[in-house]
Amino acid sequence: MQIQRSFKGDKSTGTLFLVPTPIGNRDDMSYRMIQTLKEVDLIAAEDTRNTGLLLKHFEIATPQTSFHEHNAMEKIPDLLAHLESGKDLAQVSDAGLPSISDPGHDLVKAAIEREIPVVAVPGPSAGITGLIASGLAPQPHIFYGFLPRKEGQQKAFFQEKLAYPETQIFYESPHRVRATLENMLAVYGNRAVVLVRELTKIYEEYTRGTITELVDYLEENTLKGECLLIVEGASEQELDLEEVDLIQEIDLLVQSGMKKNQAIKQVSKQFGLQKSELYARYHQEEEKGESDGN
């Protein structure tokens, strides 16, 4: 077992500071974030141009070095050497907490292996900020970040998470949100979902509804800006769905006098399923029954 105590006064090596940056509103920059960036010897930035604008705004003169997914492996030894020389380093991403959607995690692991102190400065986080205002259960929750882009990979991903009861948080491009929701609907059924757009900015927007309602909404509304999707976890009813004979549920409604299409629509809505998939499944069972009868 390894025990590390990180504090700024330990100068046998420098300290690696993980410093968040605003996710849209510069006023979210805290005094500690500003002071840390002023006091360190070097800033490792995901995009030095973006970070440069932030540093200029807050009159921070600390030099930067580029550190992103394409140069991380070659830069980490240099950054470790900087820290081991006794100089402090701050790592920042373009927005929000570092080490989540950038190579900061690799740097953190390498620093810990060299017994270099690592200090996380708290600050803006899009996922948690959106979650607490979403209206969906904040506890328990799972943050996943960016989703796979291809339809098959997305559906396989959702299938793995189908029975998770936790509220799920995803990042998504505005151009792919509708397709992602359709893939989610095909696997999860019609759960509650919140689409968060332009968080902390002037056009911040929360769109709440079911997955089908948001798909319909996006047919007529074009999205711009960064997006979050926050989706409710599996309910007890969904977890027990495998024990439900859906075909029998439809047949009972038909026997009560309801038309087949109406019965399929009602059962799909009741269990949060896509009508088209249930319709195909029902008619496959019908054809199988007729075949067995012959």
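The values are calculated or read from the model by the stated rules, or taken from the named source; none is laboratory data. Everything numeric here is computed off the predicted structure, so don't read it as measured data. In this analysis, Cβ positions are derived from the backbone assuming ideal geometry, glycine residues included, and neighbour counts consider all displayed protein chains. For accessibility, only protein heavy atoms count, side chains too; no ligands or nucleic acids. Shrake-Rupley method; radii C 1.70, N 1.55, O 1.52, S 1.80 Å.
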- Task: Go through the stretch 154-173 and give me each residue that's in contact with a Cys (Cβ under 9 Å, 6 or more places away or on another chain) and open to solvent by 30 Å² or more (accessible area, probe 1.4 Å).
- Result: Y171
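A quick yes/no check of all residues on (1) outside any loop (DSSP other than H, G, I, E, B); (2) under 30 Å from L89 (Cβ atoms); (3) open to solvent by less than 30 Å² (accessible area, probe 1.4 Å); (4) modelled with pLDDT of 95 or more:
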| residue | (1), (2), (3), (4) |
| --- | --- |
| E115 | no, yes, no, no |
| V119 | yes, yes, yes, yes |
| G130 | yes, yes, yes, yes |
| S134 | no, no, yes, yes |
| A137 | no, no, no, yes |
| G145 | yes, yes, yes, no |
| P148 | no, no, no, no |
| G152 | yes, no, no, no |
- For the stretch 266-283, indicate whether the set of residues that are surrounded by fewer than 18 Cβ atoms within 10 Å (Cβ to Cβ), polar (S, T, N, Q) and at pLDDT 80 or above is non-empty. yes
- Query: Of all residues in the stretch 55-96, which are hydrophobic (A, V, I, L, M, F, W, C), open to solvent by 20 Å² or more (accessible area, probe 1.4 Å) and modelled with pLDDT of 95 or more?
  - Reply: F58, A61, A81
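Rundown of residues vs (1) at pLDDT below 95; (2) surrounded by 23 or more Cβ atoms within 10 Å (Cβ to Cβ); (3) closer than 15 Å to G123 by Cβ; (4) within 30 Å of the chain's Cα centre (by Cα), yes/no style:
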{"residue": "M1", "(1), (2), (3), (4)": "yes, no, no, no"}
{"residue": "S6", "(1), (2), (3), (4)": "yes, no, no, yes"}
{"residue": "T13", "(1), (2), (3), (4)": "yes, no, no, no"}
{"residue": "D41", "(1), (2), (3), (4)": "no, no, no, no"}
- Restricting the search to the stretch 174-215, which residues are open to solvent by less than 50 Å² (accessible area, probe 1.4 Å), in contact (Cβ under 8 Å) with a residue 60 or more places away in the chain and not in a loop (DSSP other than H, G, I, E, B)? L185, A186, Y188, V194, V196
- Read through the list (1) surrounded by fewer than 21 Cβ atoms within 10 Å (Cβ to Cβ); (2) within 13 Å of E46 (Cβ to Cβ), then give the number of the only condition that L107 fails. (1)
